[in-house]
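Data first, discussion second: the structure below is written as structure tokens.
Values in this text are rule-based calculations from the coordinates and carry no lab data. Treat the numbers as computed from the prediction; the structure is a model and nothing was measured. Note that each Cβ is placed from the backbone with ideal geometry, even for glycine, and that neighbours are counted across all protein chains shown.
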């Protein structure tokens, strides 16, 4: 799976996700990637989110929409909301990760696996690209 | 300098430095960097968030390194079926395609669904038909194939035959 979330210079957010799914899938199985609210969600009031991982769990959690809801109703920041949602994923024994950006440009790149291909760049010139945990 | 932020991912999973050599690591880092450089350039030039998301994901879809577009994984039947979605945070409009076999860049098709249809999610042959109508680039399913992914399918099927499956998580 690949994904991208953006805050543009006009203050608008957008999220996108694209994938091939899981190897050996049958019966026209789809995961969370094409499902708005599960693998992808954006709302200028809160954040833009793109997920990657074992799709069935992200669908059951309505993961991406829930991150936004945690920010809107529980006043969590983007990192706290993504971590809270990953805790729910852990409880279900699901695996994967999430990237997010809020409407101020703050970011999250959280995962419960050994690594996630990830990176960000912003207007301040800050830039990070990483693969493994603790990088 | 006006505020902007671009964040990308290329998938999460079982990864360790032991299993990925330096050359492989550099390939992934280089492609992620290419995607971010494009996103940064577009943002500075005033592109919209939606345009940036689509073009940045196109870079990753066109790379055989990631499980999207070229290099995506195989289904049980030896085909490659692609899914994508996009959502605009200002309008809350959204678009998606699922089970697409011939759309070269599924995220571009998702944007077409969002911007040029009354629907949110199109699937299978209908998604391809719509993409074709919108003038998107269509390809043979073989375009998406890579030897690495074909090998993964063969190995999983072999494990299935020995009733030892259980690690086929995408």
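The table for this structure:
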item: Proxy reagent accessibility, fewest Cβ within 10 Å first, across B:152, A:95, A:68; result: B:152, A:95, A:68
item: Pair residue A:134, residue B:134: separation of 7 Å Cα→Cβ label points (nm); result: 4.4 nm
item: Theoretical ellipticity at 222 nm over chain B - DSSP helices of four or more residues, -39500 (n - 2.57) apiece, nearest 500; result: -13500 deg cm²/dmol
item: Sequence of A:102, B:18 once ranked by neighbouring C-beta atoms within 10 Å, starting from the fewest; result: B:18, A:102
item: Sorted by Cβ density within 10 Å, fewest first, the residues A:92, B:38; result: A:92, B:38
item: Sites residue B:125 and residue B:92 - FRET efficiency at Förster radius 30 Å, r taken between beta-carbons, to 0.05; result: 0.60
item: Theoretical ellipticity at 222 nm over chain A - DSSP helices of four or more residues, -39500 (n - 2.57) apiece, nearest 500; result: -7500 deg cm²/dmol
item: Where the Cα pairs of chain A fall when distances are cut into 10 Å bins, in %; result: 13, 46, 33, 7, 0
item: Difference of contour (0.36 nm per residue) and Cα-Cα distance, residue B:14 to residue B:41; result: 6.5 nm
item: Gyration tensor verdict on chain B (Cα atoms; rounded if a/c is under 1.5, prolate if a/b is larger than b/c, oblate otherwise); result: oblate
item: Cα gyration tensor category, rounded, prolate or oblate, for the range B:1-60 with a/c compared to 1.5; result: prolate
item: Share antiparallel - DSSP beta bridges, the range B:20-153, percent rounded to 5; result: 65 percent
item: Pairwise centroid distance, computed over Cα atoms, of the range B:62-119 with the range A:66-135, Å; result: 22 Å
item: Most fluctuating residue given options A:28, A:55, A:20, as computed from a GNM of chain A linking Cα atoms under 10 Å; result: A:28
item: Normalised per residue, the volume of the convex hull around the Cα set of the protein assembly as shown (Å³); result: 122 Å³
